[in-house]
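In what follows, a structure is listed as structure tokens, so that the remarks can point back to it.
The numbers here are math on the coordinates, done by the rules we state, and not lab data. Here the structure is a predicted model, which means the values were calculated and not measured. No Cβ is skipped: glycine too gets one built from the backbone with ideal geometry, and neighbour counts run over all protein chains shown.
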């Protein structure tokens with residue numbers, strides 16, 4: 001999933017507990033219904049989506065009449081499961097069960113989020129999501145979250161002028177600081193809505209060097225996720241050594257991020273193989289988690305503006321992964337004439 005969708009995903013998760021701006025306007029639930037509904041919320045917060053779905057369904061059945069809150073909870077759970085059909089169906093049922101415009105707006109917003117965050121949206125789904133957010137704004141009035149979500153949807157369709165207006169509206173409505181920062185970043189660079197943005201990281205290498213991605217702006221950064229127990233990783237050391245020396249250090253930085261748990265074995269392997277480029281052991285898995293890496297070797301190529309231009313996973317036995325990495329770098333205009341010089 002692209003990083004620019006993080007805000008949308010977070011708003012789905014938060015709204016599952018608070019029902020965005022609408023729950024406080026809803027009529028109180030019957031105690032028995034409330035008990036099951038709360039169980040659904042707790043399950044959702046614990047990441048137990050199936051249990052949440054079962055609880056919300058029980059709450060809806062006990063309610064007798066269609067339960068708006070229950071359908072919104074179901075929509076959130078199905079969205080997290082990646083079940084588009086049931087997520088959209090739950091949103092439509094929530095719209096039908098809504099008793100006021102705020103609740104209806106809430107349900108339309110959920111539908112827009114489901115259309116954007118499940119799987120790989122196509123042009124049709126982008127258009128549908130745009131309409132859902134526009135409908136939500138018509139029903140709820142100006143709301144910074146809705147304007148920001150609409151702006152992201154417009155940017156995904158390269159409707160940058162329209163998106164700029166929505167971003168400015170979102171900022172003018174004094175949103176939470178994190179949301180205001182997101183809107184300002186998108187105003188400054190619309191690419192952030194269309195391409196994967198590399199999360200910032202700070203590491204202290206085996207050599208004692210402190211590396212911060214934000215401080216490497218202008219350079220291409222190659223992250224090599226590996227481990228000493230990975231045969232393909234071990235086989236790639238020689239070529240990575242060559243690659244680390246091929247380009248000037250002011251143009252390309254190669255950083256190896258190890259998944260090794262045995263610190264001594266990691267250090268011994270690096271010393272034996274004379275791996276002199278930056279080495280870091282990701283003992284707490286923080287870097288791997290932030291980039292969503294769980295297969296080895298994996299190479300990420302980050303351009304000088306902080307966008308992930310390639311994600312190369314070593315699962316194809318027919319093609320050497322380092323060869324694919326070299327080809328990717330060779331095709332980047334930024335590196336023309338940058339070979340030679342090494343350190």
| Net lengthening on full extension, residue 35/residue 285 (0.36 nm per residue, minus Cα-Cα) | 86.2 nm
| field | Computed P(r) (all Cα pairs; segment 202-335; 10 Å bins; percent) | value | 12, 48, 36, 4, 0
| message | At a 10 angstrom cut-off on C-beta neighbours, averaged per residue, how do the peptides 254-262, 69-77, 242-250 rank from highest to lowest? | response | 69-77, 254-262, 242-250
| said: Given points 7 Å out from each Cα along the Cα-Cβ axis, report the residue 120 to residue 262 separation in nanometres with one decimal. | reply: 3.9 nm
